[in-house]
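For reference, the structure is listed below as structure tokens.
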Amino acid sequence: MSNAIKSLSNEQVRKLEQSSVLAINIGESTIQVDYEDVELVSEDIEGWLVASENGMTVALDTEIDEGLEREGLAREFVSRVQKIRKDSGYEVTDRISLHYDSDDSTSDALEALRSYIVMETLAITLERGERSNGIDLEINGRHVNVRVERV
């Protein structure tokens, strides 16, 4: 009987979940399986998050590609710059100049989303340069030194 239960199709499992009872054929016999008598286990697929409830299964791709990683870095950079603006007493409408120092990979990510960063922070400039009197930040495991100046 355990082999018959293990080999249930997806449709049969759905019927069991919905009606709490399922009749299965084992050789010449028909046996009734109650939902309370079995334990349904779903296994995650590597890189996917899977959840099932009430006959509905949802799978989410949890792999982060380079584009998503860059977007996340840029959004967090903007958030940190906005906090620096606020802490510095700048008005929401003040234009600023941004200077930063980081490794090449981080710089590439910030430059790829330059227009987003400039638009969100009202920056007139976004320039990479040597570290000078900026604030050290750790963003998503990356180190960035940023200087924010009102223009």
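The values are calculated or read from the model by the stated rules, or taken from the named source; none is laboratory data. Keep in mind that what you see is a predicted model, and the values were worked out from it rather than measured. Counting neighbours? That spans all protein chains shown, and the Cβs are built from the backbone with ideal geometry, glycine included.
Observations on the structure shown:
- Any hit, segment 22-34, residues being surrounded by 13 or more Cβ atoms within 10 Å (Cβ to Cβ), free of Cβ contacts under 8 Å to residues at least 24 places away in the same chain, at negative phi and outside the structural domain of residue 113 (by TED's automatic domain parsing): yes
- In segment 7-33, the residues that are of a type outside the set (Gly, Ala, Ser), more than 22 Å from residue 53 (Cα to Cα) and not in a strand (DSSP E or B): 28
- Sole exception among (1) hydrophobic (A, V, I, L, M, F, W, C); (2) without any contact (Cβ under 8 Å) to a residue 12 or more places away in the chain; (3) within 30 Å of residue 140 (Cα to Cα) for residue 56, by number: (3)
- Flag if residue 72 is at negative phi and outside the structural domain of residue 14 (by TED's automatic domain parsing): yes
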